[in-house]
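The values are calculated or read from the model by the stated rules, or taken from the named source; none is laboratory data. Just so it is clear, the model here is predicted, and its values are computed rather than measured. Don't worry about glycine lacking a Cβ; one is built from the backbone with ideal geometry, like all the others, and counts go over all protein chains shown. Please note that ligands, DNA and RNA were not included when accessible areas were found on the heavy atoms of the full protein model with its side chains. Shrake-Rupley method; radii C 1.70, N 1.55, O 1.52, S 1.80 Å.
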Number of protein chains: 2
Amino acid sequence: MADSGTQGGETLLFLTDEQLRKGIEAMFFAYRGFTADPDRILEKYAYGRAHHRAIHFINRQPGLTVTTLLSVLGVTKQSLNRVLRTLIEDGLVESRVGRKDKRERHLFLTEKGEALERELSGAQRERMRAAYRAAGPQAVAGFRQVLEAMMDFEMRRHYQMMKDGT
Amino acid sequence: MADSGTQGGETLLFLTDEQLRKGIEAMFFAYRGFTADPDRILEKYAYGRAHHRAIHFINRQPGLTVTTLLSVLGVTKQSLNRVLRTLIEDGLVESRVGRKDKRERHLFLTEKGEALERELSGAQRERMRAAYRAAGPQAVAGFRQVLEAMMDFEMRRHYQMMKDGT
DNA sequence: TTGGAAAGTCAACATCGCTGACATAAAGTC
DNA sequence: GACTTTATGTCAGCGATGTTGACTTTCCAA
């Protein structure tokens, strides 16, 4: 079934159902590894993945507003707020009223927040680095191409934005 | 691109923190896309991702035991059991007592289960196919290489096993 | 025959999504 | 100035899915 699409006469063996299923499983297993190290660290502080994600993107784009973070993370404000409140209470995140628009809150990591960010991203980067090194630069380029093509439009927008600095 | 890395003391530009962070974000955003379509379908049936994963691997390896599925999914038996029970009650999964070892339960999809599996994997494969096609065969090879290198040992074992048929 | 593996179940709990409703402050508009 | 919209925060409740711990039944194997 669907064993080898052809396009312009050529065989596209990499598009078989079997190949696609392997890709699906690779995503599943790899994502587990991807989150495993931070998860272990977060346990120590009684935080979860949601905290990690918030910390990551605040570090990535210091001063971003709550609304922006909301749309990057793709969750509801109630869900984010629960996480953000504990991070602010614990002194990892600072929320500053906007100068131009005083309704906005701009989010920043405190030193303590940056320290945790470094610990988390350090672990995650180490695994990434090992994987990158094992696979080589060409594989890495392909890896990023496929992932990018897999994103929803909205997410790709955020990804592109982040790609070129702030 | 991919003109960056060299081995043996020279600079490995694809291993910079910036490159690694882009990879991390690509994983995050892409995984969201990866699960988006099945999630929408599952809503209709009041199932969740956990049900999807169980269905996927039972379909992948019909007759696998509960213990095997447990270790593939990497969750506790209590967690899996809750999911498995509803799938069996709803007539999507059949649990047969082992012939050799009667303690074991071998899991199979019913026709109804296979129908849902097809609906779910169809959607997921479509996205995968589009991404693969957009990126091309070489990128796909790299994609798989990096993902594989990112897995934990235990998960890679399962992945490899699945790779070569049952 | 006894120890341990496989499976199932009950209870309790935490994280983190969600919806709905509502409040406040500030900005923008007519 | 009155009205509307936007940004944020908060309360309450719910659902899916993960966890630990304790216990039972079944049954293979030494």
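Can we say residue A:125 is in the same structural domain as residue A:33 (by TED's automatic domain parsing), among the basic types (Lys, Arg) and in contact with a Leu (Cβ under 9 Å, 6 or more places away or on another chain)? Taking the combined requirement at face value, the residue satisfies it. Candidates in region B:69-84 are the residues that are open to solvent by 20 Å² or more (accessible area, probe 1.4 Å) and within 15 Å of the chain's Cα centre (by Cα); of these, the one that is farthest from the other protein chains (Cβ to nearest Cβ) is B:70. Quick one: residue A:19 ticks every box in (1) open to solvent by less than 70 Å² (accessible area, probe 1.4 Å); (2) within 15 Å of DNA strand D (Cβ to nearest atom); (3) among the polar types (S, T, N, Q) bar one, so which box is it? So residue A:19 meets the others, but not (2).
Quick grid of which residues meet (1) touching a Ser or Thr at 6+ places or on another chain (Cβ under 6 Å); (2) more than 20 Å from residue A:81 (Cβ to Cβ):
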{"site": "A:95", "(1), (2)": "no, no"}
{"site": "A:105", "(1), (2)": "yes, no"}
{"site": "A:114", "(1), (2)": "no, yes"}
{"site": "A:138", "(1), (2)": "no, yes"}
{"site": "A:142", "(1), (2)": "no, yes"}
{"site": "A:147", "(1), (2)": "no, yes"}
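When residue B:129 is tested against the conditions (1) in contact with a Lys or Arg (Cβ under 9 Å, 6 or more places away or on another chain); (2) closer than 24 Å to residue A:23 by Cα, the lone failure is (1).
Looking across region B:53-63, just one residue is within 12 Å of DNA strand C (Cβ to nearest atom) and in contact with a Phe, Trp or Tyr (Cβ under 7 Å, 6 or more places away or on another chain), and that is B:63.
Here is a yes/no grid of residues against (1) modelled with pLDDT of 95 or more; (2) of a type outside the set (A, V, I, L, M, F, W, C):
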residue: B:25; (1), (2): yes, yes
residue: B:34; (1), (2): yes, no
residue: B:44; (1), (2): no, yes
residue: B:59; (1), (2): yes, yes
residue: B:68; (1), (2): yes, yes
residue: B:72; (1), (2): yes, no
residue: B:77; (1), (2): yes, yes
residue: B:88; (1), (2): yes, no
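Note on region A:51-68: among residues that are open to solvent by 40 Å² or more (accessible area, probe 1.4 Å) and within 13 Å of chain B (Cβ to nearest Cβ), the one that is nearest to DNA strand D (Cβ to nearest atom) is A:53. If you go through region B:22-50 and pick out every residue that is among the small types (Gly, Ala, Ser), in contact with an Asp or Glu (Cβ under 9 Å, 6 or more places away or on another chain) and within 13 Å of DNA strand D (Cβ to nearest atom), you end up with 1.
For region A:85-101, which residues satisfy the criterion of being more than 13 Å from DNA strand D (Cβ to nearest atom) and either of a type in the set (A, V, I, L, M, F, W, C) or open to solvent by less than 20 Å² (accessible area, probe 1.4 Å) (or both)? Passing the criteria: only A:92.
Mind telling me which of the residues B:126, B:154 ends up being open to solvent by 50 Å² or more (accessible area, probe 1.4 Å), within 14 Å of chain A (Cβ to nearest Cβ) and either among the aliphatic types (A, V, I, L, M) or more than 18 Å from residue A:24 (Cβ to Cβ) (or both)?
That would be B:154, the only listed residue that is open to solvent by 50 Å² or more (accessible area, probe 1.4 Å), within 14 Å of chain A (Cβ to nearest Cβ) and either among the aliphatic types (A, V, I, L, M) or more than 18 Å from residue A:24 (Cβ to Cβ) (or both).
Sort out which residues of region A:107-123 are crowded, with 18+ Cβ neighbours inside 10 Å and either without any contact (Cβ under 8 Å) to a residue 60 or more places away in the chain or among the aromatic types (Phe, Trp, Tyr) (or both), and write them in order of number. Listed by number, the residues that qualify are A:107, A:109, A:113. If the condition is being part of a helix (DSSP H, G or I) and either in contact with a helix residue (DSSP H, G or I) (Cβ under 8 Å, 6 or more places away or on another chain) or near DNA strand C (Cβ under 10 Å from one of its atoms) (or both), then region A:41-52 contributes A:41, A:42, A:43, A:45, A:49, A:50, A:51, A:52.
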